[in-house]
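Quick notes on the structure that follows.
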Amino acid sequence: MFKEFREFALKGNVLDMAVGIIIGAAFTSIVTSLVSDILMPPIGVIMGGVDFSSYFIPLSMHAAPTTLEAAKAAGVPVLAYGKFVNACINFTIVAFALFIVIRQMNRLKDRIAKGEVPAAEKPRQEVLLEEIRDALKARG
């Protein structure tokens, strides 16, 4: 069982996926900051000072808090739909960024396949080693 797990854990796809998840987590914090600190303030100004993150609907009729923080402090159950709007904007930005990256990678693959862009050249030392190997084979 341990051997099977080791084989599974050391497969290239699993390692690639782990790297992708770690990069994705880091990218998420960047996108969250982009949305909350850069995109949402101008959108709020355009919409007359609106801040989506503070939008909520109280689910209790006997308390009418004026802010989301006050409602949470008072223990009033709320639907914080403004945070959901921000999450949807975050998702849209991440999805669009990934779309652009994948689109460009596919275009580059197509250009390489058509021969428009040369594939990466081998490092100089590898070329020299191959020449030495070929010379030794020719001698002996």
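Do the conditions hold for residue 116, that is, is it among the acidic types (Asp, Glu), under 30 Å from residue 38 (Cα atoms) and out of contact with any strand residue (DSSP E or B) (no Cβ under 6 Å at 6 or more places or on another chain)?
No; evaluated as a whole, the condition is false for this residue.
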Spans of helices (runs of 4 or more DSSP H) in region 67-140 with at least 2 residues within 28 Å of residue 29 (Cα to Cα), out of contact with any Lys or Arg (no Cβ under 6 Å at 6 or more places or on another chain) and of a type in the set (A, V, I, L, M): 68-74, 81-114
If we keep only residues of region 1-60 that are touching a helix residue (DSSP H, G or I) at 6+ places or on another chain (Cβ under 7 Å) and more than 28 Å from residue 81 (Cα to Cα), then the residue surrounded by the fewest Cβ atoms within 10 Å (Cβ to Cβ) is 8
Among the residues of region 64-77, are any touching a Phe, Trp or Tyr at 6+ places or on another chain (Cβ under 8 Å) and surrounded by 10 or more Cβ atoms within 10 Å (Cβ to Cβ)? yes
Just to be sure I understand the filter: pairs with C-beta atoms under 6 Å, separated by 6 or more residues or on different chains, first member in region 96-117 and on the phi < 0 side of the Ramachandran plot, second member loosely packed, with under 10 Cβ neighbours inside 10 Å and modelled with pLDDT under 85. Which pairs pass? 112/119
For region 1-36, what are the residues that are over 20 Å from residue 88 (Cα atoms) and aromatic (Phe, Trp, Tyr)? 2, 5, 8
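The values are calculated or read from the model by the stated rules, or taken from the named source; none is laboratory data. Computed from a prediction, not measured in an experiment: that's the story for all the values here. Neighbour counts are summed over all protein chains in view; Cβ atoms, including those assigned to glycine, are modelled from backbone coordinates with ideal geometry.
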